[in-house]
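What follows is calculated from the coordinates using simple rules that are stated; it is not laboratory data. In this text the structure is predicted, and so the values were computed from the model without any measurement. We place every Cβ from the backbone using ideal geometry, glycine too, and count neighbours over all the protein chains shown.
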Amino acid sequence: MILEHVAIWTDKLEVLKDFYSIYFGGTPNEKYINKEKQFQSYFLTFKSGARLEIMSMSNIPDNANDTINKQHKGIIHLAFALETMKEVEDKAKQLAKDGFKILNGPRKTGDGYYEFETHDPDNNRIEVTTKFIK
């Protein structure tokens, strides 16, 4: 069994589409629009085959994951894997240079990974990771 996709509600549909395309290599489909429901969405497909659905519709409440330290029950982050520790460091530098706050890392974790965390433009937590190699 595989995880087919994860979905995110947003008021910034085009901004999130561009973020996940530019920084994480997601390829978007053509925008789906349901005028009756005032619903719009994209599916972004990643190299691994995993997909991310980003959706927009009025009256969806704001994200509660709004500060560096605030956590909540439920899905807390999306993780993207890179091949090397240098790629993780380079991605952190690229995101920081482009104005995205690096919440922590890059760092070695207790479970053998090398990673950092940031937020996407809607404050969804993003983890960028690889296996730690000495």
Using only C-alpha atoms and all pairs of different ones, pull out the Kirkwood radius for region 9-134 in Å with one decimal.
-> 15.6
Cβ under 12 Å from Trp9's Cβ, Trp9 left aside: what net charge do those residues give with Lys, Arg +1 and Asp, Glu -1?
-> -3
Order the peptides 115-123, 10-18, 100-108 from the highest to the lowest mean number of other Cβ atoms within 10 Å of their residues.
-> 115-123, 10-18, 100-108
Share, in percent, of DSSP beta bridges within the chain that are antiparallel, nearest 5 | 70
Toy charge model, Lys and Arg Cβ at +1, Asp and Glu Cβ at -1: the chain dipole around Cα centroid in debye, rounded to 20, equals 300
Rounded to whole Å and sorted largest first, list the principal axis extents of the Cα atoms in region 77-131.
-> 28, 20, 16
In the chain, with Lys and Arg counted as +1 and Asp and Glu as -1 at Cβ, which of these residues, Phe39, Phe24, His5, has the Cα nearest the positive end of the dipole, that is, farthest along it?
-> Phe24
